[in-house]
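Here's the structure, in structure tokens; my notes come after.
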Amino acid sequence: MSESTQTGINKFVGNLIGIKDSFLGSFLRSRSLLSDRSKAAVMVNNFFLHVQGAKTHINTLRPTYTFGMGLISLYLFFFAVISGVLLMIYYSPSLENAYDSVKDITNVVFGGNLIRNIHKWAGEGMIVFVMFHMARVFFTSSYKKGREFNWVVGIVLLVLTFILNFSGYLLPWDQLAYWAMVIGANIAGSPAEITDILGITKYFDFGGLQKELFLGGTVPGKATLPRVHFFHVMFLPIILVIFLGVHFWRVRKDGGLTKPDEFGPAPVDEKFLALPEKKGGIFPTNKTYGLMELAHGKTPAVDKDIENTVLSWPNLVWAEFAVLMLTFAGVFVYSMYINAPLKELANPLIPENPAKAPWYFLGLQELVSYSAFMGGIALPTLALIGLGLIPYLDREPQHVGLWFSNKQGKSVALQSFIVAIAALVGLLAFVVNFGWLRTWFTDIPQVAIILVNPGTLWVGFVMAWSLFIIKKTDSTRMGAIALFTMFLVSFVILTYVGTELRGPNWDFYWSKSQWPVH
Amino acid sequence: MNNNACCAHKDPHKKEPEGVSRRDFLGLAGIGVAIAASFTAIAGIFRMTKATVHYEESRKFKIGMPAEFPVGTIKKLDDKKVFVFADTEGLYAISCICTHLGCIVSPTEWGFQCPCHGSKYNKDGKVIGGPAPRPLPWLEVSLHEDGNLVVDAAKEVKKGTKFTV
């Protein structure tokens with residue numbers, strides 16, 4: 001069709017017919033995804049994909065390297081956000097309406113119960129998978145060589161995950177929420193134990209101030225729900241997203257996920273590798289370096305890694321999509337069968353007996369049952385600082401990207417695991433059977449209880465054990481493995497004891513069926 | 001070379017600066033003011049989140065006429081969260097809010113027991129077991145002009161302070 005014979009109408013019809021191709025082309029910014037160039041372009045040009053590289057190291061794609069933990073945490077966050085926005089349509093954060101609106105959501109609103117369950121389980125799933133992700137990053141030494149600060153960002157994200165979960169737990173204004181609020185507020189107020197001992201509470205009541213800022217008053221009530229709600233739906237999620245952005249950005253700037261220094265692809269993987277094309281390809285054999293790459297490290301890593309990468313599209317994207325489907329299936333099925341709890345309307349006169357925090361805080365509650373200030377504030381803070389400092393105290397550059405570093409690391413982890421279980425179970429058994437200082441010396445001053453209780457002894461033991469391992473192995477990495485393994489074991493054991501073995505009056509019971517009638 | 005030339009040229013003309021130069025002083029002062037202003041702003045924001053008025057029930061309340069509390073009375077005022085006792089020496093009120101983490105203690109033969117983390121108190125509110133950091137506070141009892149007894153849960157008095165009409 002020559003230029004002269006093409007009428008406006010013809011052009012219009014031609015464009016109309018071509019919409020399928022032209023729209024898709026404009027959307028993907030390339031006609032087809034057949035060439036390496038277009039596959040790379042789709043990663044670089046797409047807003048949502050460009051945080052990832054055009055090519056991905058195949059170690060990143062090994063399921064047994066990451067187990068997809070970080071990705072699963074991210075997806076769970078997405079599910080929690082989407083379901084949370086839906087819940088906000090019906091939820092009302094006022095004392096009069098909160099409980100009824102949650103009941104409405106659970107019993108009346110179409111799909112409300114399912115959405116509430118998804119919100120609950122995605123949120124709590126985040127705790128589990130963020131912890132798993134942290135363990136993966138730790139045991140593969142992925143906090144080293146320029147990634148130190150990102151580990152700290154990760155700790156912040158962990159804390160935010162906990163606070164987000166806790167603040168959400170308070171919103172239904174049922175018995176669980178009310179008494180968790182009371183206990184939480186009093187933990188916030190527990191620095192008063194210290195100022196009392198120093199005799200300065202009258203002048204500087206830091207605990208009281210914290211408690212008041214949390215409650216918006218002296219008791220949980222009208223003023224509390226709006227501020228907790230604001231924190232849960234607005235402030236904390238925004239902060240979390242900002243830190244997530246920084247977290248991902250830094251991973252990307254550090255060259256993607258960690259990988260072993262010496263990496264040989266498995267024979268089955270070889271056929272997928274994006275081998276440099278001889279001529280005319282977009283990835284030349286002699287890699288050139290941008291300023292960013294030269295700015296990292298002492299020398300550009302010439303001829304390294306380039307041979308062990310695959311194109312991110314489709315290899316990475318499909319893997320991520322598969323994890324998305326699996327995660328959603330998991331949350332969905334779980335939420336179909338298991339309901340989020342909702343107890344009676346909050347009653348300030350009758351505490352639940354036992355009054356338990358949500359499960360992820362029951363390890364802390366066990367510590368709190370020895371001393372409110374130590375268990376609720378000092379020891380958790382110490383644990384977080386300890387975790388955050390790991391990359392700065394262990395700077396050995398070897399073994400990055402290898403699970404447990406080496407043979408010695410595996411055996412240190414195993415030893416620490418066994419020692420931690422034996423020692424902690426022994427300590428708890430002692431406490432359950434024989435009580436603690438106050439059982440033997442009724443008049444003992446509070447300061448002794450604060451300083452010497454099972455919680456502080458345990459933390460002291462963990463630190464001593466880690467130092468012992470450092471001394472024995474002459475390696476800070478081994479000490480870090482000992483410390484972290486013991487941290488994980490403590491979290492699991494204390495949480496289990498608090499959840500399953502503590503009954504009314506925080507007494508010990510082997511099972512709920514032995515609880516006395518009350 | 002260039003460097004040498006410049007400094008050789010500069011030295012004779014410029015006096016050795018004493019202390020901080022004007023530019024540095026103004027710059028540092030500006031930064032200092034900005035930091036001070038930010039802290040003030042943050043302090044103000046925190047102050048704003050601390051409520052000026054609490055829309056809560058008054059913690060000072062009437063409990064009834066003295067005649068309603070003969071010697072030997074042990075009464076738990078559920079909604080006020082206090083115990084009121086009367087013995088031969090007088091009337092006294094003890095808070096039933098556990099000093100550990102704020103649960104409600106219940107009376108037992110030997111004193112008070114907290115359900116949440118197992119704190120135990122004797123009949124005077126003294127801690128005899130568990131993690132509680134402080135004894136149960138004794139509260140101020142007084143007489144209103146209309147003849148009613150008044151308990152002020154916000155005012156702690158010394159253990160053993162008993163009120164006689």
- Message: Tally up the residues in region B:117-159 that are farther than 16 Å from B:Gly90 by Cβ and aromatic (Phe, Trp, Tyr), please.
- Response: 1
- Message: Being more than 27 Å from the chain's Cα centre (by Cα) and either crowded, with 16+ Cβ neighbours inside 10 Å or without any contact (Cβ under 8 Å) to a residue 60 or more places away in the chain (or both): is that true of A:Gly479 here?
- Response: no
- Under 8 Å between Cβ atoms, at least 6 apart or on separate chains: pull out the pairs that start in region A:207-236 with a residue that is within 18 Å of A:Ala188 (Cα to Cα) and in contact (Cβ under 8 Å) with a residue 40 or more places away in the chain and end on any residue that is aromatic (Phe, Trp, Tyr) and not in a loop (DSSP other than H, G, I, E, B). A:Pro220/A:Tyr178; A:Thr224/A:Phe214
- Message: Could you check region A:18-43 and list, in sequence order, the residues that are touching a Lys or Arg at 6+ places or on another chain (Cβ under 9 Å), closer than 30 Å to A:Phe78 by Cβ and outside any loop (DSSP other than H, G, I, E, B)?
- Response: A:Leu24, A:Gly25, A:Ser38, A:Ala40, A:Ala41, A:Val42, A:Met43
- Which one of A:Val497, A:Val459, A:Val489 is touching a strand residue (DSSP E or B) at 6+ places or on another chain (Cβ under 9 Å) and within 25 Å of A:His133 (Cα to Cα)? A:Val497
- Taking region B:141-165 and keeping residues of a type in the set (A, V, I, L, M) and in a strand (DSSP E or B) leaves B:Val141, B:Leu143, B:Leu149, B:Val150, B:Val151, B:Ala153, B:Ala154, B:Val157
- A:Lys120, sole failed condition from (1) assigned to a helix (DSSP H, G or I); (2) over 30 Å from A:Pro260 (Cβ atoms); (3) not assigned by TED's automatic domain parsing to the domain that holds A:Val246: (3)
- Residues (over 23 Å from A:Leu171 (Cα atoms), aromatic (Phe, Trp, Tyr) and assigned to a loop (DSSP other than H, G, I, E, B)) located in region A:53-103: A:Phe67
- Counting only strands (runs of 3 or more DSSP E) wholly inside region B:54-140, the ones holding at least 2 residues that are of a type in the set (D, E, K, R) and either closer than 21 Å to B:Lys162 by Cα or more than 14 Å from chain A (Cβ to nearest Cβ) (or both) are B:60-64, B:74-77
- Somewhere in region A:400-419, is a residue within 28 Å of A:Tyr509 (Cβ to Cβ) and either under 25 Å from the mean Cα position of the chain (by Cα) or within 14 Å of chain B (Cβ to nearest Cβ) (or both)? yes
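So that you can scan it fast, the table gives a plain yes or no per residue for (1) in contact with a Ser or Thr (Cβ under 6 Å, 6 or more places away or on another chain); (2) farther than 16 Å from B:Phe83 by Cβ:
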{"residue": "B:Cys98", "(1), (2)": "yes, no"}
{"residue": "B:Val105", "(1), (2)": "no, no"}
{"residue": "B:Trp110", "(1), (2)": "no, no"}
{"residue": "B:Cys114", "(1), (2)": "no, no"}
{"residue": "B:Lys123", "(1), (2)": "no, no"}
{"residue": "B:Leu143", "(1), (2)": "no, yes"}
{"residue": "B:Val151", "(1), (2)": "no, no"}
{"residue": "B:Ala154", "(1), (2)": "no, yes"}
{"residue": "B:Lys158", "(1), (2)": "no, yes"}
- Is there a residue being under 12 Å from the mean Cα position of the chain (by Cα), within 30 Å of A:Met478 (Cα to Cα) and without any contact (Cβ under 8 Å) to a residue 60 or more places away in the chain anywhere in region A:100-123? no
- Query: Does A:Phe430 meet the test of being within 14 Å of chain B (Cβ to nearest Cβ), farther than 19 Å from A:Ser466 by Cα and not β-branched (Val, Ile, Thr)?
  - Reply: no
- Message: If I ask for residues that are out of contact with any strand residue (DSSP E or B) (no Cβ under 7 Å at 6 or more places or on another chain) and over 26 Å from A:Pro454 (Cβ atoms), which ones from region B:108-144 would you list?
- Response: B:Glu109, B:Asp124
- Residue match in region B:64-74 (condition: surrounded by 14 or more Cβ atoms within 10 Å (Cβ to Cβ), assigned by TED's automatic domain parsing to the domain that holds B:Lys123, of a type in the set (Ser, Thr, Tyr) and out of contact with any Gly (no Cβ under 7 Å at 6 or more places or on another chain)): no
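The values are calculated or read from the model by the stated rules, or taken from the named source; none is laboratory data. Keep in mind that this is a model prediction, so the values were computed, not measured. Cβ sites come from the backbone with ideal geometry, for glycine too, and all protein chains shown count toward neighbours.
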